[in-house]
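Undergrad: Shown below is the structure under consideration.
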Amino acid sequence: DLSSNPSICTGCSRGCNIDIWVKNNEILRLTPRFNEEVNSYWMCDDGRLNTFKHVNADNRVDGTHLRKDGQLIEVGWDEAYASASSELKNISNKEIAFIGSAFSTCEDNYLLTKFTKDVIGCKNIDFIRHTDPDFGDELLRQNDITPNTMGAELTGVSPKQGGLDLDGIVQGIKSGKIKGLFVMEDDLLEAYPELEKSLPNLELLIVLTSNFNKITAFADFVFPAATFAEKNGTFINFKGRVQRIKPAVETTEMDRSLDGMAMSRLDKFGTSFDRWAKGNKRDARASWKIISGLSILFDKKLKYKMAENVFDDMSKNIDAFKGLDYDIMGEKLKTPTPFLPAYKV
């Protein structure tokens, strides 16, 4: 008996509507969910078979980690927040850079933009574009192999006036101009392998990620980011359509019954003795929540309780989101106003 929850495929910028099927808190399959405006009844094999593998993978980050004596060790959230914030305060806002992500939700990217600009006072922010000219087809698949490029752009993940863009940030790391780096839900080293020689020279590297990867080998702090299957949020597909994702897999601070997650009979009636009814819950949080928690230790705090609160703030500050309602949207899709300037500096 499996539970299913509606979500969005993250394999490309189409954003096919899907159902995530879970048992024992592990994803067993994805199936297409009908939406006449996006994917009709279909989804591609790559999306169906591959886009959830990292959620179940053995290399998931479980709990916060910081580097001591050359090794990443697991520590509590409070210790990680306190130490990371202290290190951030020691670096000039002109010598640090922030990398957002087209794999992250609009809410995640919006909080990163606000943290960069309002809390740190930094102008160096951008994200990695991921395209594969051989991936797209004439039916569903798009060459943009991320779910939220437009969302990252609309929420302001771009260099502020006089700030460094992605190429400038990479060159700054190589030259030593950039001394601190904050990377959210992407692997800069995978995209720029030549940085392997320069990353050890950084004074500070903070990484928010769901899985250990190439760049975490150099990180001073690794915060466990929840995957698309473990959080609420929104993506914007290549046509400018805002679509919601909902959690289907539990983390330690979530409760399936309280977070609006559908429950199978096993979820409802399983006992604490039924291992198959509970499954492993990872200690991971949505990136916006990690950033919010980190901001508490600065003068300008970004306090939000739920993804919906972040979305409400976005709808007040970003023209393209005005008039959109998180609750009404649900599984019903809305299209934002034409592409307008994002979060204003």
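Undergrad: Determine whether R14 is basic (K, R) and closer than 28 Å to V222 by Cβ. Let's see the steps before the verdict.
TA: Values: basic (K, R): yes; closer than 28 Å to V222 by Cβ: no.
Considered against the rule, which asks whether it is basic (K, R) and closer than 28 Å to V222 by Cβ, R14 comes out as no.
Undergrad: Conditions: (1) surrounded by fewer than 17 Cβ atoms within 10 Å (Cβ to Cβ); (2) within 19 Å of the chain's Cα centre (by Cα); (3) touching a residue at least 60 places away in the same chain (Cβ under 8 Å). N56 meets all but one. Number of the miss?
TA: Failing condition for N56: (3).
Undergrad: Further question: Working carefully through the options I96, I73, I128, find the one that is modelled with pLDDT of 95 or more, loosely packed, with under 14 Cβ neighbours inside 10 Å and of a type in the set (A, V, I, L, M, F, W, C).
TA: Numbers: I96 fails: loosely packed, with under 14 Cβ neighbours inside 10 Å; I128 fails: loosely packed, with under 14 Cβ neighbours inside 10 Å.
Only one candidate passes the filter, namely I73.
Undergrad: Quick one: in segment 236-278, of everything that is surrounded by 16 or more Cβ atoms within 10 Å (Cβ to Cβ) and more than 30 Å from V38 (Cβ to Cβ), which residue is modelled with the highest pLDDT?
TA: Among those that are surrounded by 16 or more Cβ atoms within 10 Å (Cβ to Cβ) and more than 30 Å from V38 (Cβ to Cβ), it is K278.
Undergrad: Being crowded, with 21+ Cβ neighbours inside 10 Å and at pLDDT 95 or above is the filter here, so list the residues in segment 12-34 that pass it. So that I can check it myself, show each step before the final result.
TA: Here is the first cut: in segment 12-34, the ones crowded, with 21+ Cβ neighbours inside 10 Å are 12-18, 20, 22, 25, 30.
C12, S13, R14, G15, C16, N17, I18, I20, V22, L30 - these are the residues of segment 12-34 that are crowded, with 21+ Cβ neighbours inside 10 Å and at pLDDT 95 or above.
Undergrad: List every residue pair whose Cβ atoms lie under 6 Å apart, where the two residues are 6 or more positions apart in sequence or sit on different chains, the first residue falls within segment 1-28 and is aromatic (F, W, Y), and the second residue, located anywhere, is in a strand (DSSP E or B).
TA: Every condition considered, the pairs that remain are W21/S4; W21/L28; W21/R29.
Undergrad: Quick test of your reading of the structure: L30 fulfils all but one of (1) touching a Gly at 6+ places or on another chain (Cβ under 9 Å); (2) among the aliphatic types (A, V, I, L, M); (3) assigned by TED's automatic domain parsing to the domain that holds D186. Name the failing condition by number.
TA: Tallying (1) touching a Gly at 6+ places or on another chain (Cβ under 9 Å); (2) among the aliphatic types (A, V, I, L, M); (3) assigned by TED's automatic domain parsing to the domain that holds D186, L30 fails exactly one: (3).
Undergrad: Give me the pairs, please: first residue somewhere in segment 160-180 and without any contact (Cβ under 8 Å) to a residue 12 or more places away in the chain, second residue anywhere and among the small types (G, A, S), beta-carbon distance under 6 Å, and either six or more positions apart or on two chains.
TA: The qualifying pairs do not exist here.
Undergrad: Applying the selection to segment 34-75, what residues are touching a helix residue (DSSP H, G or I) at 6+ places or on another chain (Cβ under 9 Å), part of a strand (DSSP E or B) and among the hydroxyl-bearing types (S, T, Y)?
TA: Selection gives T64 alone.
Undergrad: Could you tell me whether segment 76-88 includes any residue that is closer than 21 Å to V249 by Cβ and either among the charged types (D, E, K, R) or assigned to a loop (DSSP other than H, G, I, E, B) (or both)? Give the steps one after another, and end with the answer.
TA: If we filter segment 76-88 for residues that are closer than 21 Å to V249 by Cβ, which is where we start, we get 77.
This time we only want the ones that are either among the charged types (D, E, K, R) or assigned to a loop (DSSP other than H, G, I, E, B) (or both), so: none.
There is no residue in segment 76-88 that is closer than 21 Å to V249 by Cβ and either among the charged types (D, E, K, R) or assigned to a loop (DSSP other than H, G, I, E, B) (or both).
Undergrad: While we're looking at this one, here's another question. Let me spell it out: the conditions are (1) under 20 Å from T216 (Cα atoms); (2) touching a Pro at 6+ places or on another chain (Cβ under 8 Å), and N124 meets all of them except one. Which number is the exception?
TA: (1)
The values are calculated or read from the model by the stated rules, or taken from the named source; none is laboratory data. Just so it is clear, the model here is predicted, and its values are computed rather than measured. Glycine gets a Cβ as well: all are built from the backbone with ideal geometry, and neighbour counts include every protein chain shown.
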